[in-house]
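Note sheet for the following structure.
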Amino acid sequence: MKPISEAHVAQPGLAVVDVAACDDQTAFAVQALLAGRWATASADRTVAVPGEPGVRLRCYLDVRQELESHR
């Protein structure tokens, strides 16, 4: 995975979430839970890191923007 850019965490409320899961389905389910609550820049694919178990996925959150359904 690429290093986290300073722009992705430049202000309070911005976060980078790295998900490690056993498979794509689980990683995307976690991402969907996050996206259901906050403004999220979602990933469209996972990454398998050679020599490490499972898959990885990175998404970017803005927790300042809580979605209406959770207020």
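The values are calculated or read from the model by the stated rules, or taken from the named source; none is laboratory data. Just so we're clear, the structure is a prediction, and the values are computed from it rather than from any experiment. Note that each Cβ is placed from the backbone with ideal geometry, even for glycine, and that neighbours are counted across all protein chains shown. We work out accessible area using only protein heavy atoms, side chains counted, and drop any ligands, DNA or RNA first. Shrake-Rupley method; radii C 1.70, N 1.55, O 1.52, S 1.80 Å.
One table, with the values for the structure above:
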{"read-out": "Filter pass, residue 40 being modelled with pLDDT of 95 or more, hydroxyl-bearing (Ser, Thr, Tyr) and either open to solvent by less than 50 Å² (accessible area, probe 1.4 Å) or not in a loop (DSSP other than H, G, I, E, B) (or both)", "value": "no"}
{"read-out": "Odd one out for residue 10 among (1) hydrophobic (A, V, I, L, M, F, W, C); (2) surrounded by 15 or more Cβ atoms within 10 Å (Cβ to Cβ); (3) out of contact with any strand residue (DSSP E or B) (no Cβ under 9 Å at 6 or more places or on another chain)", "value": "(2)"}
{"read-out": "Odd one out for residue 33, checked against (1) open to solvent by less than 70 Å² (accessible area, probe 1.4 Å); (2) assigned to a helix (DSSP H, G or I)", "value": "(1)"}
{"read-out": "Per-region count, the range 3-30, residues among the acidic types (Asp, Glu), assigned to a helix (DSSP H, G or I) and modelled with pLDDT of 95 or more", "value": "1"}
{"read-out": "Flag if residue 48 is open to solvent by 70 Å² or more (accessible area, probe 1.4 Å) and out of contact with any His (no Cβ under 6 Å at 6 or more places or on another chain)", "value": "yes"}
